[in-house]
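The values are calculated or read from the model by the stated rules, or taken from the named source; none is laboratory data. It should be emphasised that the depicted structure is a prediction, and the values quoted were computed from it without experimental measurement. Here Cβ is always computed from backbone atoms with ideal geometry, including for glycine, and neighbour counts include all displayed protein chains. Ligands, DNA and RNA are stripped out before the accessible areas are found, and what is left, the full protein with its side chains, is counted by its heavy atoms. Shrake-Rupley method; radii C 1.70, N 1.55, O 1.52, S 1.80 Å.
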Number of protein chains: 2
Amino acid sequence: MTDEFPRDSVGLVAPQRLTIEQTLALDCGRELSGCEIVYETYGQLNATASNAILICPALSGDHHAAGYHSNDSKKPGWWENCIGPGKPIDSNRFFVVCSSNLGGYKGSTGPSSINPANGKLYGPDFPVVTVRDWVRAQNLLGQSLGISKWAAVAGGSLGGMQALQWAIEFPDQLRHALVIAAAPKLSAQNIAFNEIARQAIVSDPDFHEGRYEEKGTAPRRGLMLARMLGHITYLSDSAMRAKFGRELRDGKLNFGFDVEFQVESYLRYQGRSFVDRFDANTYLLMTKALDYFDPAREHSDDLAAAFSGILARCLVVSFTSDWRFASERSREIVDALIAAGKDVSYAEIESDLGHDDFLLTQPDYIELLRTYLNGIAAEVGA
Amino acid sequence: MTDEFPRDSVGLVAPQRLTIEQTLALDCGRELSGCEIVYETYGQLNATASNAILICPALSGDHHAAGYHSNDSKKPGWWENCIGPGKPIDSNRFFVVCSSNLGGYKGSTGPSSINPANGKLYGPDFPVVTVRDWVRAQNLLGQSLGISKWAAVAGGSLGGMQALQWAIEFPDQLRHALVIAAAPKLSAQNIAFNEIARQAIVSDPDFHEGRYEEKGTAPRRGLMLARMLGHITYLSDSAMRAKFGRELRDGKLNFGFDVEFQVESYLRYQGRSFVDRFDANTYLLMTKALDYFDPAREHSDDLAAAFSGILARCLVVSFTSDWRFASERSREIVDALIAAGKDVSYAEIESDLGHDDFLLTQPDYIELLRTYLNGIAAEVGA
């Protein structure tokens, strides 16, 4: 680690690659061959391989969860607030692993990768992947790293759904599941927001039925709208009020359709910067994975039945200002875990910023994670 | 009225037109000449012109508030639930007037009208209009009808904002203001939703900077997205759950991007049917009028000060499941009216359906309106 990075950062990191030799059988019935999983690790795996923590990314997250990719990078990984030396997920004690998900962009195999079947970009031919598909691929990564039991699997939002799926799918291969700002399945309203985002993308004339890369273009307008819409749902109304109020950018109404209110300026900026670093086909796949997540479906909508095989201890965390996946949704998980007789802790964090709080530094939240992870460290001798 | 219509409907109605001779000076500093106001009336004005009620439309509403436009029409006016013989706004007792707002579509002068200055369609050159501009135009309509004092001015959502503006602007020209499911100004989140709807429209390649009619096209994709997004905000999460749950249209996941969940099907239908009956430039103008409404702005953000001249008695109604303009927002109006020493009644209706409840038939709501309107009828001898 160079002196240029903060002392509590893992510093300079580089992604690694695992080629999966076997063919993956996906939930959709299709198969993927020659997949590559891109991942990063922080800290050292101990001799008994007991101190590994798997981090699962959310919709726009990838394998770069902490540290910096170059000496002059100003932008650390997406969970830099929580991962690093002395931080709650302490890289001095834990071996932290984070991989990007199948279907992602500029990481693990996805729509922008070459389809070995025909030598062309996958594009829209990339199969619809599920949270369970991801968890199975993560399990292969763990095996390749010599990890037979994770000290914990953790994630927020869509990442929290993966942590929950881990506990269901591989009950004896993790000690703890940290399920943060998640839900047991999307509500009709959640699906509706995703559907509008998808319609914004696919109705963009530059979408070309998903083959925009071949045409040297991209559905930038659609992806921008999708991201703007997402942003509204990540932020609480009160966070928006605190951040922007009804402040006018020029101090007065201009009676036109240029940016007037600060919040408009912010949204347009968020939308524009997203399209430079994200792929539209990936956005479609990620929203579908969200829509499809519903572990109770195979158990006649009985969530406790879906949880019946869980052995991991679960920590469920929600945020009072999160209206995308409100605390009620986390309590559904908690209630079903209790009904199934499982070991669960639940914390509802008083917060202001909405769904995005899971990435931020609310002191109670950070302290909760620190305490809980300290307990895990003691348990596994880390 | 023919036998073909329900007995409690005003039956067959026809829009009427008023050409405003004088030039209107708008809030934006521009002027409009030769404006036409399109309106409908139901019931009879009494000899003392004391029984007139003005109905103010919401974003997608127009002058057709009640009754039917033809004998084979199946679709009545937008507030048919409340207006008609024996209904809360009883056309046997009241003379009910509803005009479409300036900037509207297929009604009062708007972007699809001819600009007398150059003989071309206004299109994007139509000025940005405000709630106050509308209220002033409605006042000219009232004068032309011989109404010097309305028994009540009533509306929901954007219509409720007009009712409130009436009480501020023309204090001695209305007895009652019925402000339903409204807010004293939009929140940053409300503005953000409007901004995304606008961006969806203006980023549609068929928008042509608003001159799509001249090109024989329309930004249908953008307007469809805007409407879909609006719909999410009109419906409560629980209403969506009750209406659609996570029901799959084909009973199973199809692992593709066609419609899968019922809610997707519903939203696409709502979006598609809207573009056939609404105009994109009008949608832009209506959302701006919403964003700009903020009577406290001219009073250093002191809402009570903005209300200081009000003489009308106010009825404020909110719905518990409305998250677009939540009850808290109505209570801001009520608290400021009380602080200003005004006569105000407030009812928060237990409801399930969200913002759209103001158009629907929740029994407590209908009964409340009936009782309140009976009181007005007694007061004015109607």
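For segment A:190-287, what is the charge dipole size about the Cα centre, in debye to the nearest 20, if Lys and Arg each add +1 at the Cβ and Asp and Glu each add -1 at the Cβ?
Numbers: 14 positive and 14 negative charges, 53 e Å.
With only Lys, Arg, Asp and Glu charged at Cβ, the dipole is about 260 debye.
Going by the alpha-carbon gyration tensor, a ≥ b ≥ c the square roots of its eigenvalues, is the protein assembly as shown rounded (a/c under 1.5) or, if a/c is not under 1.5, prolate (a/b greater than b/c) versus oblate? Working shown, then result.
On the way: a/c = 2.19, a/b = 1.98, b/c = 1.11.
Prolate, because a/c is 1.5 or more and a/b exceeds b/c.
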Inset, instruction - Would you tell me the mean number of C-beta atoms belonging to other protein chains that fall within 10 Å of each C-beta in A:235-241, as a whole number? - result: 4
Inset, instruction - Just add up the charged neighbours of B:ALA239: K/R +1, D/E -1, any other residue whose Cβ is under 11 Å from the Cβ of B:ALA239. - result: -3
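First check a/c for chain A, with a ≥ b ≥ c the square roots of the eigenvalues of its C-alpha gyration tensor; if it is under 1.5, answer rounded, and if not, answer prolate when a/b is larger than b/c or oblate otherwise.
rounded
Arranged from highest to lowest average of other beta-carbon atoms within 10 Å per residue, in what order do the peptides A:50-56, B:90-96, A:331-337 appear? Don't skip to the end; give the middle numbers.
Numbers: A:50-56: 27.1, B:90-96: 22.6, A:331-337: 19.6.
Result, highest mean Cβ count within 10 Å first: A:50-56, B:90-96, A:331-337.
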Inset, instruction - Kindly list the residues of segment A:125-141 that lie in the label zone of A:SER33, defined by a backbone N under 17 Å from the point 7 Å along the Cα-to-C-beta vector. - result: A:126-127
Legend entry - Nonlocal amide H pairs with B:PHE170, under 5 Å, H built at 1.01 Å: none
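Taking each residue of B:197-208 in turn, how many C-beta atoms of other protein chains fall within 10 Å of its C-beta, and what is the average?
Numbers: counts 2, 2, 11, 10, 1, 2, 8, 4, 4, 1, 0, 0.
Counting other chains' Cβ atoms within 10 Å and averaging over B:197-208 gives 4.
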Inset, instruction - Between the label point of A:SER308 and that of the same position in each other copy, find the distances and list them shortest first in nm, with every label point placed 7 Å from Cα along the Cα-to-C-beta direction. - result: 7.1
Legend entry - Average partner coverage of B:252-259, which counts Cβ from other chains inside 10 Å: 5
Legend entry - Sites B:ALA347 and B:GLU209, calculated FRET efficiency, Cβ-Cβ separation with R0 51 Å, nearest 0.05: 0.70
Inset, instruction - Pop a pseudo-label 7 angstrom from the Cα along the beta-carbon direction at both B:ILE338 and A:SER238 and give the gap in nm to one decimal. - result: 2.1 nm
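I need the shape label for segment B:179-287. Rule: rounded when a/c is under 1.5, else prolate if a/b > b/c, else oblate, with a, b, c from the alpha carbon gyration tensor.
On the way: a/c = 2.45, a/b = 1.27, b/c = 1.93.
Oblate, since a/c reaches 1.5 and b/c is not below a/b.
Which of the peptides A:261-268, B:265-272 is most tightly packed, and how do the rest follow, judged by the mean count of other Cβ atoms within 10 Å per residue?
On the way: A:261-268: 21.9, B:265-272: 18.2.
The densest-packed peptide leads the list: A:261-268, B:265-272.
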Legend entry - Highest-MSF residue in chain A out of A:ARG17, A:ARG324, A:ARG220 [GNM, Cα springs under 10 Å]: A:ARG17
Inset, instruction - Considering only B:ASP279, B:ASP237, B:ASP72, give the residue with the highest GNM mean-square fluctuation for chain B, with springs between Cα atoms whenever their separation is below 10 Å. - result: B:ASP72
Legend entry - Cβ charges +1 (Lys, Arg) and -1 (Asp, Glu), total dipole of segment A:23-178, debye: 180 debye
Legend entry - Distance histogram for segment A:233-299 (every C-alpha pair counted, 5 angstrom bins, percent rounded to whole numbers): 3, 13, 15, 16, 14, 14, 10, 7, 4, 2, 1, 0
Legend entry - Chain A, rotation onto B, residue closest to that axis via Cβ, with its distance in Å: A:PRO205, 3
Inset, instruction - Output ³J(HN,Hα) for segment B:25-33: one whole-Hz value per residue in order, computed from phi by the Karplus curve 6.51 cos²θ - 1.76 cosθ + 1.60 with θ = phi - 60°, and x for Gly and Pro. - result: 8, 8, 4, 6, x, 8, 10, 10, 10
Inset, instruction - State, to one decimal in nm and shortest first, how far the label point of B:GLU36 sits from each corresponding label point in the other identical copies (label point: 7 angstrom along Cα-to-Cβ). - result: 6.5
Inset, instruction - Take the alpha-carbon centre of segment B:238-258, take the same for segment A:141-186, and report the distance between them in whole Å. - result: 27 Å
Legend entry - From phi via Karplus (6.51, -1.76, 1.60), per-residue ³J(HN,Hα) for segment B:289-299 in Hz, x at Gly/Pro: 4, 4, 4, 7, 4, 5, x, 6, 4, 6, 10
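Multiplying the sequence separation of A:SER265 and A:THR361 by 0.36 nm and subtracting their Cα-Cα distance, what value in nm do you get? Can you show the working numbers first?
Numbers: separation 96, 0.36 × 96 = 34.56 nm, distance 2.48 nm.
The A:SER265-A:THR361 span can extend by a further 32.1 nm.
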Legend entry - Farthest positive-ward along the protein assembly as shown dipole, Cα basis, beta-carbon charges - from A:ALA151, B:ALA226, A:SER236: B:ALA226
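Let me spell out the model: positive unit charges on the Cβ of Lys and Arg, negative unit charges on the Cβ of Asp and Glu, origin at the Cα centre of the protein assembly as shown. What dipole size does that give, in debye rounded to 20? Don't skip to the answer; put the middle values down first.
Values: 72 positive and 96 negative charges, 145 e Å.
So the magnitude is around 700 debye.
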Inset, instruction - Quote the total accessible area buried by chains B and A together, excluding ligands, DNA and RNA, probe 1.4 Å, nearest 100 Å². - result: 4600 Å²
Inset, instruction - State in Å² the accessible area per residue of the protein assembly as shown; use a 1.4 Å probe, count heavy atoms of protein chains only, and round to the nearest integer. - result: 37 Å²
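May I ask you to derive the FRET efficiency for B:ASP258 and B:LYS149 from their Cβ-Cβ distance with R0 = 41 Å, giving the value to the nearest 0.05? Don't jump to the answer; show the numbers that get you there.
Details: r = 57 Å, r/R0 = 1.39.
After rounding, the FRET efficiency stands at 0.10.
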Legend entry - Signed unit charges on C-beta, dipole axis of the protein assembly as shown, positive-most listed residue B:ILE376, B:GLY256, B:TYR346: B:GLY256
Inset, instruction - Compare B:PRO124, B:PRO85, B:PRO205 in a GNM of chain B, Cα atoms joined below 10 Å, and give the one with the largest fluctuation. - result: B:PRO205
Legend entry - By average C-beta atoms within 10 angstrom, highest first, the peptides B:160-168, B:184-192, B:99-107: B:160-168, B:99-107, B:184-192
Inset, instruction - Using the 7 Å Cα-to-Cβ label point, sort the distances from A:SER238 to its equivalents in the other copies shortest first and give them in nm to one decimal. - result: 2.1
Inset, instruction - Would you calculate a helix-derived [θ] at 222 nm for chain B, using -39,500 (n - 2.57) for each DSSP H run of n ≥ 4 and dividing by the full residue count, to the nearest 500? - result: -10500 deg cm²/dmol
Inset, instruction - Pop out the carbon and sulfur fraction of the accessible area of the protein assembly as shown as a percent, whole number, probe 1.4 Å. - result: 46 percent
